[in-house]
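To start, the structure under review is shown below, and the notes come after it.
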């Protein structure tokens, strides 16, 4: 079922999850067992992140260099297929502009249709560590709005189109990302929201936000999006803090603010890892309950490969 259909037919808020594909060496069963604790809470879908391929240059005996592709993670498509084989749940791969040509993306779409996957999250992707700014891949897309537009042109196989005759024949339901505290490359929140509107106007069906720790930031962001003419569902994304160190590492990595109250509580527990873990879990539970009370359609959790604190939050809220 498409996420747009899930959102339109659900009568109450539901959880969804995001996982990171495992590093090479993890078995399929180990991956599936790591997801198992979430299943009792009936999440509607699981997002699987995508990571751009990187290259390293190796020196030969003659002093010349050759470029070698490095793939350290199992592909998002493979992970989606493994989850679908074990669990009755929708899986949603991320597709990114970074490191991929238009032709390679079209090939991915063919593979996803073959597997029966008709939901996608379309993202630009991050720059490489060696880049100060994002550099498009030759023959690829420069912006997520272009990627959405390209995916929208994909109509599925002829048999699919015949089965949807007289209906909405677009094969993929597309989600996109948003930044309640603005993307770090945007000069201001208004420009960032204008960029988000381009993605929606290009054909995005819904929006998932980056994590935030002050719900008022989300409510203000949604209000600004509505004023700008963005009318698709905007799903809040949450991640519980688990260590005091994340008070500095998360703002640095994701360009976000952490409220003073939460910062001070974690500071008092900086030498007590269990206390910091509990504080972060309780704060995220409080956020989730407040969001549900305010009528959000769903709450999306960034698991980062961890389950214990997310399971506790799901127990508290769902």
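The values are calculated or read from the model by the stated rules, or taken from the named source; none is laboratory data. Here the structure is a predicted model, which means the values were calculated and not measured. Reconstructed Cβ throughout: ideal geometry from the backbone, glycine too, with neighbour counts over all protein chains shown.
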Unmet criterion (only one of (1) farther than 21 Å from residue 19 by Cα; (2) touching a strand residue (DSSP E or B) at 6+ places or on another chain (Cβ under 9 Å)) for residue 298: (1)
Being surrounded by fewer than 16 Cβ atoms within 10 Å (Cβ to Cβ) and assigned to a loop (DSSP other than H, G, I, E, B) is the filter here; which residues of the range 1-23 pass it? 1, 10, 11, 12
Mind listing whichever residues of the range 262-273 are more than 27 Å from the chain's Cα centre (by Cα) and not in a loop (DSSP other than H, G, I, E, B)? 264, 265, 267, 268, 273
Could you tell me how many of the residues in the range 216-258 are assigned to a helix (DSSP H, G or I), in contact (Cβ under 8 Å) with a residue 60 or more places away in the chain and over 19 Å from the mean Cα position of the chain (by Cα)? 1
Within the range 158-169, identify whether any single residue is crowded, with 17+ Cβ neighbours inside 10 Å and either modelled with pLDDT under 95 or in a helix (DSSP H, G or I) (or both), and answer yes or no. no
So, of the residues in the range 224-246 that are in contact with a helix residue (DSSP H, G or I) (Cβ under 7 Å, 6 or more places away or on another chain) and over 20 Å from residue 301 (Cβ atoms), which turns out to be surrounded by the fewest Cβ atoms within 10 Å (Cβ to Cβ)? 229
Tell me, yes or no, whether the range 292-304 has at least one residue that is surrounded by fewer than 18 Cβ atoms within 10 Å (Cβ to Cβ) and within 17 Å of residue 37 (Cα to Cα). yes
Hey, residue 280 hits all of (1) over 18 Å from residue 16 (Cα atoms); (2) part of a loop (DSSP other than H, G, I, E, B); (3) modelled with pLDDT of 95 or more but one; which does it fall short on? (2)
Taking the range 24-74 and the residues there that are part of a strand (DSSP E or B), at pLDDT 85 or above and in contact with a strand residue (DSSP E or B) (Cβ under 7 Å, 6 or more places away or on another chain), the one that is farthest from residue 95 (Cα to Cα) would be 45
Please go through the range 176-189 and give me each residue that is surrounded by fewer than 20 Cβ atoms within 10 Å (Cβ to Cβ) and touching a helix residue (DSSP H, G or I) at 6+ places or on another chain (Cβ under 8 Å), ordered by number. 177, 183, 186, 189
Just wondering, is there one or more residues in the range 86-100 that are at pLDDT 90 or above, more than 23 Å from residue 206 (Cα to Cα) and either in contact with a strand residue (DSSP E or B) (Cβ under 9 Å, 6 or more places away or on another chain) or surrounded by 13 or more Cβ atoms within 10 Å (Cβ to Cβ) (or both)? yes
